[in-house]
1. Compute the accessible area per residue over region 83-173, keeping the other protein chains in place, probe 1.4 Å, unit Å².
2. At D170 and E114, where each label point lies 7 Å from the Cα along Cα→Cβ, what is the point-to-point distance in nanometres?
3. Along the charge dipole of region 36-161, Cβ charges K/R +1 and D/E -1, which of G75, T112, S142 sits furthest on the positive end?
4. Taking all protein chains in place and a 1.4 Å probe, what share, in percent, of the accessible surface of region 39-143 do carbon and sulfur account for?
5. What's the magnitude of the charge dipole for region 43-124 around its Cα centre, counting Lys and Arg as +1 and Asp and Glu as -1 at the beta-carbon? Answer in Debye, nearest 20.
6. Quick check: residue separation of E159 and N122 times 0.36 nm, minus the Cα distance between them. What number comes out in nm?
Amino acid sequence: GISQFQMANLFLKIKSDKAQTQTTGNTRYTFIQNLGRGASATVALYYDTVQQRKVAVKQIEVEGMGEVEKEKVNGEVENMKSMNVSTAVMLYDYEIENDKRFIYMEYADKGTLEGQITSYKNKGGKFALDSIFEYLIETMLSLFCLNQKGMMHRDIKCENILLKSEQFGDEEHIIAKMSDLGLSRKIEGVAGNLTTCGTPY
């Protein structure tokens, strides 16, 4: 039988998932599962009933945020709009609902590069040399496109490189896609880009 502790955890999960389905009034999207949670944002997987595809929805709570943090949220959306390249996570839609912001974006079904590295470490596996080169080339292509727009990312790490399986003819390929453009900014000369930012480690 199920223990009282397991029952309590199951109840909390159901309650949490139910609350997540009520976060957006957009009936076009059907909640599937939570993907992750940060300090001020949660990411969940939804199904888009119009386009008939899975989408990742980043929900950001802006209540209590300062102007700088709010500007970062707006900046992330604008930066995603400008990055129309297959090696960057695509923005599908953006909604404002009271103190919440919803970013509807491409779903990377293979998770993060960080997760892949951790999985290989735990299981004793390793990346094929071809995969390493492909991920590097795809990441460099994203950075090249940013640079062409006079921008820099400023928070490149394995957690911000997402992996997505895509079909090319009869073959499936895993594509590395740049994400989290919230800290990206226009290059304003050397002195203007010596600001400390990103992830401390």
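The values are calculated or read from the model by the stated rules, or taken from the named source; none is laboratory data. Because the structure is predicted, anything quoted here is derived from the model rather than measured. As a convention, Cβ positions derive from the backbone with ideal geometry for all residues, glycine included, and neighbour counts pool all protein chains shown. These accessible areas exclude ligands, DNA and RNA; they are computed on the full protein's heavy atoms, side chains included. Shrake-Rupley method; radii C 1.70, N 1.55, O 1.52, S 1.80 Å.
1. 60
2. Each label point is offset 7 Å from its Cα along the Cβ direction, giving 3.9 nm.
3. Most positive-ward Cα: T112.
4. 52
5. On the way: 11 positive and 15 negative charges, 121 e Å.
Charge dipole, region 43-124, about its Cα centre: 580 debye, nearest 20.
6. Fully extending the segment from E159 to N122 adds 11.6 nm.
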